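Everything on this sheet refers to the single structure shown next.
The values are calculated or read from the model by the stated rules, or taken from the named source; none is laboratory data. Just so it is clear, the model here is predicted, and its values are computed rather than measured. Here Cβ is always computed from backbone atoms with ideal geometry, including for glycine, and neighbour counts include all displayed protein chains.
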Amino acid sequence: MARQAEAEPSFRPHHFRRLTRKQVIDINVIDNIQTQEPSGRRAVRFFNTLWRFIDILMALTLVMMIALVFANVVLRYGFQSGLRPSVELSRLGLVWLVMLGAAVVLRRNEHLAVAEFSEALFPRAVPILRRLSYAIILFSVLMLFWGAFNQMNANWNNISQLTGLPSALFYLAGVVSSIAMAVIALVRIFNPDALGVSKDEVHPL
C-alpha cells in the first residue's frame, strides 16, 4: 500500500498531461469541423429548399390548371358562360409545368434511358458514357436556351387580349428550365452523381 501511495503522485501528473494534450487536439479538430461543415450544409439546404420550392410551385400550378378547366366546363355547360382567360392560363401553366418538370426529372435521374446494353456489355465504360450523355444534354439545353431567350425578347410587347399577359412568359419557362438543366449537366460531366436527391430530402424527419 505504501508503494502504491508513493507511485501515484509520479503517475498522475504524467497521465494528466497526456489527457490534456489529447483534449486540446480534440477541441481543435471539433473547432475545424464546426467552421467547415456549416458552409457545405448551408449550400445543401439551400439547394434542397430551392428544389422543394419548385416542387410546391409545380403542384400549385397543377391545382390551378385543374380548377380553371373544371370551373370553365361547369360554367359553360351549366350556366352558358365561361372564363375566357382560363384556356390561355391553363396553357401557360402546362408549359411551365412541363419545363420545370423536365429539370426536376433530370436532377432525379428519372428520364427514360436504355442502359441495359451498356451496363451488360461495357460495364467499365459506363462512367464515360454517362459523362458523354451529359455533354450531349448540355449542348441540347444550350440550344434550347438560345432559342427560348430570343423568342422571349421578341415577344415581351406581344400582349394577350384575353389575359393581358405578355406571350414572352411562355418562352421564359424554357429559359428558366434550360438554365437549371445546363447547370445540372455541366456539374455531372465532372461528377455524374452530383446534385442528386439528398438523404435529408428523401427523409426530412
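Just give me the residues in region 153-171 being aliphatic (A, V, I, L, M) and either exposed (fewer than 14 other Cβ atoms within 10 Å of the Cβ) or modelled with pLDDT of 95 or more (or both), in sequence order.
Step one: list which residues in region 153-171 are aliphatic (A, V, I, L, M), which gives 154, 159, 162, 165, 168-169.
Listed by number, the residues that qualify are Ala154, Ile159, Leu162.
I'm checking my understanding of the structure. Among residues of region 33-57 that are at pLDDT 50 or above and among the polar types (S, T, N, Q), which one is surrounded by the most Cβ atoms within 10 Å (Cβ to Cβ)?
Taking region 33-57 first, the residues at pLDDT 50 or above are 38-57.
When the remaining residues are screened for being among the polar types (S, T, N, Q), the result is 39, 48-49.
Details: Ser39: 9, Asn48: 15, Thr49: 11.
Going through the qualifying residues, I end up with Asn48.
Looking at region 137-156, can you tell me whether even one residue there is closer than 25 Å to Arg91 by Cα and outside any helix (DSSP H, G or I)? So that I can check it myself, show each step before the final result.
Going through region 137-156, the residues closer than 25 Å to Arg91 by Cα turn out to be 140-156.
This time we only want the ones that are outside any helix (DSSP H, G or I), so: 155-156.
Yes, region 137-156 has at least one match.
Does region 58-93 hold any residues that are surrounded by 15 or more Cβ atoms within 10 Å (Cβ to Cβ), closer than 20 Å to Ser178 by Cα and not hydroxyl-bearing (Ser, Thr, Tyr), and which are they?
Within region 58-93, Met58, Leu92, Gly93 meet the criteria.
With at pLDDT 90 or above and part of a helix (DSSP H, G or I) as the only criterion, which of Leu60, Leu129 stands out? Even if it seems obvious, please write down each step before you answer.
Details: Leu129 fails: at pLDDT 90 or above.
Step by step, each of Leu60, Leu129 is checked, and only Leu60 is at pLDDT 90 or above and part of a helix (DSSP H, G or I).
Can you pull out the residues in region 72-97 that are without any contact (Cβ under 8 Å) to a residue 40 or more places away in the chain, of a type in the set (A, V, I, L, M, F, W, C) and within 20 Å of Ala148 (Cβ to Cβ)?
Within region 72-97, Leu94, Leu97 meet the criteria.
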